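Below: one structure, written as structure tokens.
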Amino acid sequence: MKIYISHSSSYDYINKIYNPIKKSDLSKTNTFFFPHENKSENTKDIISSYDLVIAEVSLPSTGQGIEIGWASYSNTPILCIYKKGAEISSSLKFITNHFIEYEDAKDMLEKIKEFLNK
């Protein structure tokens, strides 16, 4: 599966999302696009050609909102993940029914894997 990772640029995405995913079994069976490692790419086209967008939505972000909008417009499924205790935007419920609350990186990876296996 080809999976686009979306997140706020204010989030510690390297240590909390990118590295855990790269070190996990998920990276062996899926292709991930990490936007901040590929800044020269046209992300709008990439999102529409991918199978899933995983959006880490613990922090609000205008840029991420645009990416989620592109995914919704192109009918790319969206999975929103967020850190336990985060207050996420209520408008997200209008673009997806898929939400995962997680406690730490290990919990996040287990829940993503479970979601992908459904």
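Overall, the accessible surface of the chain at a probe of 1.4 angstrom is composed of carbon and sulfur to the extent of 47 percent. Here are some pairs, K28/K84; K2/K28; K83/K113; K2/K84; K39/K93; which of them have Cα atoms lying more than 23 Å apart in this structure? Checking Cα-Cα distances, K28/K84; K2/K84; K39/K93 exceed 23 Å. For GluC sites (Glu not before Pro), the sites in region 32-81 that DSSP calls loop and that have at most 15 other Cβ atoms within 10 Å are E41.
Using just its DSSP H runs of length 4 or more, each adding -39500 (n - 2.57), the chain gives a mean residue ellipticity at 222 nm of -9000 deg cm²/dmol after division by all residues. Straightening the chain between T29 and D12 buys 3.7 nm, computed as 0.36 nm per residue apart minus the Cα-Cα spacing.
Could you grab the relative contact order for region 1-50? Cα pairs under 8 Å, six or more apart, rounded to a whole percent.
59
Summarised as an ellipsoid, region 57-118 has semi-axes of 20, 15, 9 Å, derived from the eigenvalues of the Cα gyration tensor scaled by 5 and square-rooted, with the largest first.
Protein heavy-atom accessible surface, 1.4 Å probe, per residue over the chain: 58 Å².
Over the chain, Cα pairs under 8 Å with separation of 6+ residues give a relative contact order of 27 percent. Put simply, the amide H of I100, placed in the peptide plane, has neighbours under 5 Å in C80, I81, Y82, leaving out anything fewer than 5 places away on its chain.
Values (i) 0.96; (ii) 1.09; (iii) 1.15 are given for comparison; Cα Rg over 2.2 N^0.38 Å, derived from the coordinates here, is the one labelled (i).
The values are calculated or read from the model by the stated rules, or taken from the named source; none is laboratory data. Note that the structure is predicted; figures quoted are calculated from it, not measured. All Cβ positions, glycine included, derive from the backbone under ideal geometry; neighbour counts span all protein chains shown. All accessible areas refer to the heavy atoms of the entire protein, side chains included, with ligands and DNA or RNA removed. Shrake-Rupley method; radii C 1.70, N 1.55, O 1.52, S 1.80 Å.
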